[in-house]
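S.K.: Can you read through this structure? Questions will come right after.
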Amino acid sequence: MAHVRLFRHYIHLPYAILGLIDFLVLAFAFALAVFFRYFGDVSFFLDNLSFLLPSAVVFSAINLLVMVALGVHQSRLEEGMSGMMLRTILALMVSIPLCGFAYLLSNEWLWYIGTSSALTTGSVFGFFLLGIARLFFFAAVGKERFKRKVLVLGAGFRARQIHEDLRTPFNRKGFILTGFVSLPGEPVEVSKDYLLNIPTTLQQYILKHPVNEIVVAVDDRRKGLPMEDLLECKMEGVRIVDGAAFYERESRKVALEMVTRGWLVFSDGFTVSSVFGVGKRSLDILSAALLLLVSLPLMLLTAIAIKIEDGFKAKIFYSQERVGLNGRVFKVYKFRSMITDAEKNGAVWASKDDARVTRVGDFIRKVRIDELPQIFNVLNGTMAFVGPRPERPVFVERLSERIPFYSERHRVKPGLTGWAQLCFAYADNEEDTREKLRYDLYYIKNQSLLLDLLIIIQTVEVVLFKKGSR
């Protein structure tokens, strides 16, 4: 199985294993640094290992957390091994002061992690050992070792969407597509090059050509499915998966064109408990308070810069009406990044190289500083820290008429950051908004505190590398 599902969120198994390996390697690297710095005698070192272990675990955990935040493991697909190691260097450098801060908070019981020589040497050892471990890992698992062989039953619109949308290395990292099987009477929209010719039954075919999963992506099931054949395949150990569920698992988004209200009703997810609500609100307040504390100097500098560019009487903030939980309208706050009469002719989409943006506004929008005043929206409860981005009422009314299930994104509070912001760039037109809705529905369907924490951590990568900013 190429995925594990943890608190409703799909995690690719090889990267979960790689994360565990990285954790152990980093702990070993730190222990090795301490050994050479303070011990030198193996028996004496082993006798005192229990005193070292807490420091090694904290060192490893902090480094791994920063690596997740900087997208180290995912970068392997897009940037290759060299890009992965460059991000690892940055993560190790950022982690050193964080480890020092952890030592101060620990009231000195993390003694070893409080020594700069051990931290620096451990980071250097960690970099080289991580490089070696990863080379061996990728050589051992190969490109196909953790992938499932998948056969798609159907060759119409849904099958074509799976084929076209799940063709990138990122979306194909969990499976190998063996081909498509068309059903009698079904229009064929998949290229003939990918069609499988099965003269007998599915069961007899998979006995000769084993697959792990059969994805049912038939456009109209009312015309009939080969249920007996599918049952025989299931009894042979082949997993039978619905096309929409398969699409969601592999792409981390919901296929709008493949789902119906019935699928939303009967599919797993969209469940929220009172315990989750209390936990999420606590996480919102804690995250917003910490961000406010860290960003306060930056917010003061931004206010001064706006005043210098536009004059002492210029407004620093501006507010807009946005649609929130259950369709209620509220005011969202931002640093002003446009000229004062930017919307004198009415509301329009923000666009790339927007002429209405000021020089200071151009910078603060690129690094997301303009969004920081929304911390107060999180604290007053009109927004959450994690959720779909809030949209203006005039756009919501228009988009709800044109995009199916668009109003469902208002089932949760809008957020300062969100799953769509991590996975997709800035939306400045209807088609981009449709794509972002796919990610928003995935978040609403699978929301959990773990997913919220993952989004908060990985938002650091969005800010540092300007993903999705405009």
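The values are calculated or read from the model by the stated rules, or taken from the named source; none is laboratory data. Just so we're clear, the structure is a prediction, and the values are computed from it rather than from any experiment. For neighbour counting, all protein chains shown are included, and Cβ atoms are generated from backbone atoms with ideal geometry for every residue, glycine included. Protein only, heavy atoms only, side chains kept; ligands, DNA and RNA dropped before computing areas. Shrake-Rupley method; radii C 1.70, N 1.55, O 1.52, S 1.80 Å.
S.K.: Quick one: count up the residues across segment 73-118 that are open to solvent by 50 Å² or more (accessible area, probe 1.4 Å), modelled with pLDDT of 85 or more and of a type in the set (A, V, I, L, M, F, W, C).
M.R.: Total meeting the criteria: 7.
S.K.: Scan segment 285-313 residue by residue and report those that are within 21 Å of Val360 (Cα to Cα) and either open to solvent by less than 50 Å² (accessible area, probe 1.4 Å) or hydroxyl-bearing (Ser, Thr, Tyr) (or both).
M.R.: Correct list: Leu292, Ser295, Met299, Thr302, Ala303, Ala305, Ile306, Gly311.
S.K.: Can Ile316 be described as open to solvent by 90 Å² or more (accessible area, probe 1.4 Å), among the hydrophobic types (A, V, I, L, M, F, W, C) and within 19 Å of Asp370 (Cα to Cα)?
M.R.: no
S.K.: Would you check if Pro404 is closer than 19 Å to Asp310 by Cβ and either surrounded by fewer than 24 Cβ atoms within 10 Å (Cβ to Cβ) or of a type in the set (Ser, Thr, Tyr) (or both)?
M.R.: no
S.K.: Mind counting the residues in segment 430-453 that are more than 18 Å from Pro390 (Cβ to Cβ), open to solvent by 30 Å² or more (accessible area, probe 1.4 Å) and out of contact with any helix residue (DSSP H, G or I) (no Cβ under 8 Å at 6 or more places or on another chain)?
M.R.: Total satisfying the criteria: 2.
S.K.: For the structure I just gave you, tell me whether Phe36 is in a helix (DSSP H, G or I), touching a residue at least 60 places away in the same chain (Cβ under 8 Å) and at negative phi.
M.R.: So Phe36 passes the test.
S.K.: Among the numbered conditions (1) assigned to a helix (DSSP H, G or I); (2) open to solvent by 40 Å² or more (accessible area, probe 1.4 Å), tell me where Arg134 comes up short.
M.R.: (2)
S.K.: Among (1) within 30 Å of Asp310 (Cα to Cα); (2) touching a strand residue (DSSP E or B) at 6+ places or on another chain (Cβ under 8 Å); (3) surrounded by fewer than 23 Cβ atoms within 10 Å (Cβ to Cβ); (4) not polar (S, T, N, Q), where does Asp362 come up short?
M.R.: Of (1) within 30 Å of Asp310 (Cα to Cα); (2) touching a strand residue (DSSP E or B) at 6+ places or on another chain (Cβ under 8 Å); (3) surrounded by fewer than 23 Cβ atoms within 10 Å (Cβ to Cβ); (4) not polar (S, T, N, Q), only one is false for Asp362: (2).
S.K.: Checking Ile176 against (1) loosely packed, with under 15 Cβ neighbours inside 10 Å; (2) more than 32 Å from the chain's Cα centre (by Cα); (3) under 22 Å from Arg160 (Cα atoms), only one condition comes out false. Which one?
M.R.: Of the numbered conditions (1) loosely packed, with under 15 Cβ neighbours inside 10 Å; (2) more than 32 Å from the chain's Cα centre (by Cα); (3) under 22 Å from Arg160 (Cα atoms), the odd one out for Ile176 is (2).
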